[in-house]
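Working notes for the structure below.
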Amino acid sequence: MEKTEGKIRYGLIGIGAQGGSYARFLTNAPAPFPGMVCAPCPDNCALGALCDIDPEKEKMCKEQYPDVPFFKDWKDMIASGTVDAIITTVPHYLHHEISIYAMEHGMNVLCEKPLCKSPEQVQQLMDAAKAHNCELTIFHQYRYNDYYLEMKKLLDKK
């Protein structure tokens, strides 16, 4: 897949409920429920690749997104040249490893909540982002949860 001129190609790692939502968003696919309103995908974004270890998810992705490369291994996807940034929607304990690896390979990262398992891992991710000149962002909806408030305090010290 060639780089789409002027577009950020996102690689989705984990195609469950959240990953599927991102795939629909990035391809402007219809909302999954009647009456659900979805914002249009920005013109500068595109779905670059999909990745999951579940054979059923692979089958579904190849049916719904036949022109989008599919990978069973996230390291292969990162190395493929088909993505410019990644979105992780995998089990929480994998966020740290995948995000660090991606940033070491020049990828910007959008990580679903929680960012990782400990404040020490948060610091490691922030250090990796700085060292590799990458953007690291987290998508979360529980802004007032005690765990996130503690992470915010750590981030505010930077």
Going by the conditions given, is residue 139 within 21 Å of residue 18 (Cβ to Cβ), touching a strand residue (DSSP E or B) at 6+ places or on another chain (Cβ under 9 Å) and either among the polar types (S, T, N, Q) or open to solvent by 50 Å² or more (accessible area, probe 1.4 Å) (or both)?
-> yes
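Out of all the residues in the stretch 1-19, which are open to solvent by less than 20 Å² (accessible area, probe 1.4 Å) and either in contact with a Lys or Arg (Cβ under 9 Å, 6 or more places away or on another chain) or modelled with pLDDT under 85 (or both)?
Of everything in the stretch 1-19, those that are open to solvent by less than 20 Å² (accessible area, probe 1.4 Å) and either in contact with a Lys or Arg (Cβ under 9 Å, 6 or more places away or on another chain) or modelled with pLDDT under 85 (or both) turn out to be 9, 14, 15, 19.
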Find the residue count for the stretch 74-99, including only residues that are out of contact with any helix residue (DSSP H, G or I) (no Cβ under 9 Å at 6 or more places or on another chain) and in a loop (DSSP other than H, G, I, E, B).
-> 5
When the stretch 100-115 is examined, which residues are found to be over 17 Å from residue 82 (Cα atoms), outside any strand (DSSP E or B) and not aliphatic (A, V, I, L, M)?
-> 113, 114
Would you say residue 78 is β-branched (Val, Ile, Thr) and either crowded, with 17+ Cβ neighbours inside 10 Å or closer than 30 Å to residue 153 by Cβ (or both)?
-> yes
Determine whether residue 113 is at negative phi, open to solvent by 80 Å² or more (accessible area, probe 1.4 Å) and of a type in the set (Lys, Arg).
-> no
For the stretch 76-120, what are the residues that are in contact with a Gly (Cβ under 6 Å, 6 or more places away or on another chain) and of a type in the set (S, T, N, Q)?
-> 82, 89
Report yes if some residue within the stretch 82-94 is open to solvent by 20 Å² or more (accessible area, probe 1.4 Å), modelled with pLDDT of 95 or more and closer than 22 Å to residue 136 by Cβ; otherwise report no.
-> yes
Quick one: in the stretch 116-134, which of the residues that are surrounded by fewer than 13 Cβ atoms within 10 Å (Cβ to Cβ), at pLDDT below 95 and outside any helix (DSSP H, G or I) is farthest from the chain's Cα centre (by Cα)?
-> 118
Taking residue 104 as meeting all but one of (1) free of Cβ contacts under 8 Å to residues at least 60 places away in the same chain; (2) among the charged types (D, E, K, R); (3) more than 23 Å from residue 158 (Cβ to Cβ), write down the number of the exception.
-> (3)
Could we say that residue 67 is acidic (Asp, Glu), at pLDDT 95 or above, open to solvent by 80 Å² or more (accessible area, probe 1.4 Å) and part of a helix (DSSP H, G or I) here?
-> no
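Is it true that residue 43 is charged (D, E, K, R) and surrounded by 13 or more Cβ atoms within 10 Å (Cβ to Cβ)?
On the way: charged (D, E, K, R): yes; surrounded by 13 or more Cβ atoms within 10 Å (Cβ to Cβ): no.
In short, no.
The values are calculated or read from the model by the stated rules, or taken from the named source; none is laboratory data. Just so you know, these numbers come straight off a predicted model, no measurement behind them. With ideal geometry, Cβ positions are generated from the backbone for all residues, glycine too; neighbour counts draw on all protein chains shown. Just the protein is used for accessible areas: all its heavy atoms, side chains included, with ligands, DNA and RNA removed. Shrake-Rupley method; radii C 1.70, N 1.55, O 1.52, S 1.80 Å.
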